[in-house]
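Colleague: This is the structure I have questions about; it appears just below.
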Amino acid sequence: MSFTALHCVQSRRDFPALARAHHGHALAYLDGPGGSQVPQTVIDAIADVYASCNVNTHGSFPPSQEVDRRMQAARQATAAFLGAADAACISFGQNMTTLNFALAGAIGRTLAPGDEVLITQLDHEANRGPWLALAERGIVIREVRLLPAGVLDYEDMAAQISPRTKVLALGASSNALGTVNDLALARRLTRAVGALLVIDAVHYAPHFPLDVRALDVDFLLCSGYKFYGPHVGILYSRPGALAALPTTRLSVQDPDAPYRIETGTLNHAAIEGVRAAIDYIARWGHGATLRERLVDAMTGIAAYEHELAAYYHGEVARLPGVRTWGPDFASPLRAPTVSITLATHSAGAVAAALGAQGICVWDGHFYAQKAVEVLGLAAGGGLLRTGISMYTTREELDRLLGGIAQLAR
Ligand SMILES: Cc1ncc(COP(=O)(O)O)c(C=O)c1O
């Protein structure tokens, strides 16, 4: 089904935070790439764990069996969200960064000095730092170049992949520029040399339907708080891929997937919140199965967000002294995240002025520090980033445009 401006207005009633005002200004949350708001159903689901089964897993008593059941349901719902074969493909952790350190460390232990890992200049540090840390073990870390247009240099990617390449760690979409990377090409190139493909889908997952089996990835990570849920990291592993890895874990930890990479007691309430967020998204779609409803809902939300983002991108580019960064909106494969710089003010000064009017936008490098450096923007304070979510309205973007226009003059 399509997701229209009317659906957006309806959805806003589900998010209690959207009713909050600041000094008489309604708050406009245009900071989705940093984290989205949550619907009441997510808040209720989290609270319900504390009210009804706030006990540890694997006990022989009813509340413990209840929490086991809920954790399994959350893995199943997340598998449906990502298009995974089953719940055994889904591991949870504190956040994406922590899971990626655990994954990179485990993969690193299977590599030999001189083996290569390819990362990119466009990626968030969470998909660079854990791999760069492997250099200590003699692993060679190479980087795919970022072009000034805000897209990766795919010739450079192809040229850098060789039989020595063991991993390509690549973002699905840039949280700084909204670029969507060519995952099919990345898979072809890595397959040809037998390298693993690890995808950071943190910025992609809130904006597009995901299908890990169609993408044919080995590992994919995302984060619940970017798609209307709480702070939980998610790792998808291709069936069999995690079992082969020497993860860091206690001797008493279940050695099977998906538990093999999980450490200690998980945040059960938050994981229940992830399940509720996925259920919430599915409500906006039609279909016989949860998967069908999710794909339908995300397809509709993607089109709605793309149209709004294209509108904002076109209007803001017309303002004097404003420069937009990253690709335009000609392709539907463009995340609804628009970053700009102003000739007259730093991004930080603009964000502060907008913040005082209740407009929540981020400035800086958003941990995509390398990309901001490569674009030559680090010294000037980086980018001003606007993110569009399912609950974003055109009126909010017009308010933002008015605020920027005042400063751009
Ligand atoms: C593209 C991208 N990757 C990774 C991360 C890190 O996610 P987490 O905060 O769950 O560690 C973020 C967070 O902003 C992100 O935007």
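Colleague: Got a sec? Which strands (runs of 3 or more DSSP E) wholly within the stretch 76-148 have at least 2 residues that are closer than 21 Å to Pro230 by Cα, in contact with a Leu (Cβ under 8 Å, 6 or more places away or on another chain) and at pLDDT 95 or above?
Modeller: So the answer is 90-93.
Colleague: Which condition number does Ala371 fail, the rest of (1) touching a helix residue (DSSP H, G or I) at 6+ places or on another chain (Cβ under 8 Å); (2) within 15 Å of the ligand (Cβ to nearest atom) being met?
Modeller: Exception for Ala371: condition (1).
Colleague: Is it the case that some residue within the stretch 114-132 is among the aliphatic types (A, V, I, L, M), free of Cβ contacts under 8 Å to residues at least 24 places away in the same chain and either away from the ligand (no atom under 13 Å from the Cβ) or crowded, with 18+ Cβ neighbours inside 10 Å (or both)?
Modeller: Yes, the stretch 114-132 has at least one match.
Colleague: For Ile261, state whether it is within 16 Å of the ligand (Cβ to nearest atom), within 14 Å of the chain's Cα centre (by Cα) and not basic (Lys, Arg).
Modeller: It is false that Ile261 is within 16 Å of the ligand (Cβ to nearest atom), within 14 Å of the chain's Cα centre (by Cα) and not basic (Lys, Arg).
Colleague: Which ones in the stretch 279-326 are small (Gly, Ala, Ser), closer than 14 Å to Phe81 by Cα and surrounded by 21 or more Cβ atoms within 10 Å (Cβ to Cβ)?
Modeller: Ala282, Gly285, Ala297
Colleague: Scanning the stretch 285-294 for residues that are of a type in the set (A, V, I, L, M) and not in a loop (DSSP other than H, G, I, E, B), which turns out nearest to Asn95 (Cα to Cα)?
Modeller: Looking at residues that are of a type in the set (A, V, I, L, M) and not in a loop (DSSP other than H, G, I, E, B), I get Leu294.
Colleague: Looking at Ser36, Ser91, Ser64, can you tell me which residue is among the small types (Gly, Ala, Ser) and over 29 Å from Ala335 (Cα atoms)?
Modeller: Ser64
Colleague: When you check Glu272 against the structure, is it surrounded by fewer than 20 Cβ atoms within 10 Å (Cβ to Cβ) and either within 16 Å of the ligand (Cβ to nearest atom) or farther than 25 Å from Asn175 by Cβ (or both), yes or no?
Modeller: No, not satisfied.
Colleague: Take the residues in the stretch 161-176 that are under 20 Å from Leu146 (Cβ atoms) and not in a strand (DSSP E or B), then tell me which one is nearest to the ligand (Cβ to nearest atom).
Modeller: Asn175
Colleague: All but one of (1) in contact with a Lys or Arg (Cβ under 9 Å, 6 or more places away or on another chain); (2) surrounded by fewer than 16 Cβ atoms within 10 Å (Cβ to Cβ); (3) among the β-branched types (Val, Ile, Thr) hold for Thr4; state the number of the condition that does not hold.
Modeller: (1)
Colleague: Tally the residues that are surrounded by 20 or more Cβ atoms within 10 Å (Cβ to Cβ), touching a Pro at 6+ places or on another chain (Cβ under 9 Å) and not hydroxyl-bearing (Ser, Thr, Tyr), restricting the search to the stretch 8-37.
Modeller: 4
Colleague: Output the number of the condition that Val49 fails; it satisfies all remaining conditions of (1) out of contact with any Asp or Glu (no Cβ under 8 Å at 6 or more places or on another chain); (2) part of a helix (DSSP H, G or I).
Modeller: (1)
Colleague: Restrict the check to the stretch 177-199 and report whether at least one residue is within 30 Å of Asp44 (Cβ to Cβ) and within 11 Å of the ligand (Cβ to nearest atom).
Modeller: There is no residue in the stretch 177-199 that is within 30 Å of Asp44 (Cβ to Cβ) and within 11 Å of the ligand (Cβ to nearest atom).
Colleague: Which of the following residues is out of contact with any Cys (no Cβ under 7 Å at 6 or more places or on another chain), away from the ligand (no atom under 15 Å from the Cβ) and under 17 Å from Leu290 (Cα atoms): Arg109, Arg75, Arg69?
Modeller: Matching residue, one of Arg109, Arg75, Arg69: Arg75.
Colleague: For the stretch 28-46, what are the residues that are assigned to a loop (DSSP other than H, G, I, E, B) and of a type in the set (Ser, Thr, Tyr)?
Modeller: Ser36, the sole residue that qualifies.
The values are calculated or read from the model by the stated rules, or taken from the named source; none is laboratory data. The model shown is predicted, which means the values in this text are computed figures rather than measured ones. Methodologically, a virtual Cβ is constructed for each residue, glycine included, from the backbone with ideal geometry; neighbour enumeration extends over all protein chains shown.
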